[in-house]
């Protein structure tokens, strides 16, 4: 299937952007790109290593380059990093050929999903719970403001993927195909 635009997933870390994005791509016959994985492949190191060795501003510049590159052609599902759409320059780049979808997830569910996760540089602190809440409260209004649509992402990845595709009016193959 060919879409003239990209489906750009945004939301707080742990909301399911990568998992739901892969499912959506498979259902709709689109390609899938995870921006953080793309950056890691380009740099040859993890996001955590980038933060530790070069700092957040350096990472944010790489993230912007990725947003510009990945937005050049349509027909993709793009999972952004949790902080990517906090920056207007990334929003502009990704909206050129994209529809931004917020995977709206309650903080309680995010906490449950991330309770044993040690890979999130912005949460690697002794006060992880408080840091998560502050970041969530700061970012959610931004996500809501930039999103073309929002979908509650508290169901299974398949349910959320189908809800996003339905909300965007993306045709899905019939069961016989």
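The values are calculated or read from the model by the stated rules, or taken from the named source; none is laboratory data. Note that this is a predicted model, so its numbers are computed, not measured. Counting neighbours? That spans all protein chains shown, and the Cβs are built from the backbone with ideal geometry, glycine included.
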Select, from 70, 50, the only residue that is crowded, with 16+ Cβ neighbours inside 10 Å, in contact (Cβ under 8 Å) with a residue 40 or more places away in the chain and either in contact with a strand residue (DSSP E or B) (Cβ under 9 Å, 6 or more places away or on another chain) or over 23 Å from residue 142 (Cα atoms) (or both).
-> 70
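Residues are listed down the side, and each one gets a yes or a no for (1) within 18 Å of residue 164 (Cα to Cα); (2) at pLDDT 95 or above:
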{"position": "14", "(1), (2)": "yes, no"}
{"position": "20", "(1), (2)": "yes, yes"}
{"position": "23", "(1), (2)": "yes, yes"}
{"position": "28", "(1), (2)": "yes, no"}
{"position": "38", "(1), (2)": "no, yes"}
{"position": "54", "(1), (2)": "no, no"}
{"position": "64", "(1), (2)": "no, yes"}
{"position": "67", "(1), (2)": "no, yes"}
{"position": "101", "(1), (2)": "yes, yes"}
Quick one: in the range 129-175, which of the residues that are touching a helix residue (DSSP H, G or I) at 6+ places or on another chain (Cβ under 6 Å) and in a strand (DSSP E or B) is nearest to residue 113 (Cα to Cα)?
-> 151
Please find, within the range 108-128, the residue that is surrounded by the most Cβ atoms within 10 Å (Cβ to Cβ) out of those that are touching a helix residue (DSSP H, G or I) at 6+ places or on another chain (Cβ under 8 Å) and at pLDDT 80 or above.
-> 110
Please indicate, with yes or no, whether at least one residue in the range 35-56 is in contact with a helix residue (DSSP H, G or I) (Cβ under 9 Å, 6 or more places away or on another chain) and closer than 16 Å to residue 100 by Cα.
-> yes
Have a look at 105, 80 and point out the one that is modelled with pLDDT of 95 or more, surrounded by 14 or more Cβ atoms within 10 Å (Cβ to Cβ) and closer than 25 Å to residue 168 by Cα.
-> 80
Identity of the residue in the range 25-44, over 11 Å from the mean Cα position of the chain (by Cα) and surrounded by 17 or more Cβ atoms within 10 Å (Cβ to Cβ), that ends up nearest to residue 169 (Cα to Cα) = 28
